[in-house]
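Visitor: The structure is given below, and queries will be raised subsequently.
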Amino acid sequence: MTGVPVAHPAERRILVVDDHPVVCDGVRNLLSAHPDLRVVGEANEPGTAVRLAGELQPDAVVLDLRMGGRFNPETSGAVKAVAPATKVLIHTSSEENEPVHAALRAGADGAVFKDGHDLVTALRAVLGSRSRYLDPRLRSERSPRRFGVDGPVVGPLSPRE
């Protein structure tokens with residue numbers, strides 16, 4: 001046997017993108033408790049995120065919606081262009097719905113608040129289905145379809161589901 005670590009058979013490779021190191025640290029620590037979710041890279045700005053997504057071809061990218069003081073919904077589309085099979089999960093602290101829906105229109109597979117409560121649930125939802133995940137707290141009074149979101153928008157699964 002060699003000294004090469006063996007990957008968990010169902011391991012999913014995650015790229016974390018946020019311009020705040022403490023958030024990257026928190027996401028990495030949260031995911032370290034789940035052997036099927038492994039952080040394989042981190043980026044602190046959109047250009048590096050796109051480059052790393054192309055190089056690493058991760059299963060998912062946890063992508064901060066607002067970096068450098070502005071919303072960057074187009075980054076999800078740029079990630080999809082270089083890594084089409086990669087799921088993009090928007091990670092946001094903003095309560096503004098339109099930037100989230102702009103990111104979904106650009107190619108993101110879901111969106112979740114940065115409070116950490118639903119991150120693992122959201123990641124598993126986008127990784128395990130063709131449906132989009134939208135944190136219920138991000139839904140507006142207006143239907144997401146009005147913003148051009150294609151496909152079903154599903155909430156988190158209950159423990160029984």
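Visitor: Hey, what D do you get for segment 73-127 in µm²/s if you plug the Kirkwood alpha-carbon radius into Stokes-Einstein at 25 °C and 0.890 mPa s? Walk me through the numbers on the way to the answer.
Guide: On the way: Rh = 11.3 Å.
The Stokes-Einstein estimate is 218 µm²/s.
Visitor: Using 0.36 nm per residue, how much length does the chain from V22 to Q57 gain when fully extended, once their Cα-Cα distance is taken away?
Guide: Details: separation 35, 0.36 × 35 = 12.60 nm, distance 2.41 nm.
Extending this stretch completely gives an extra 10.2 nm.
A short reminder: the numbers here are calculations on the coordinates, not readings from a lab. Please read these numbers as outputs of a predicted model, since none were measured by experiment.
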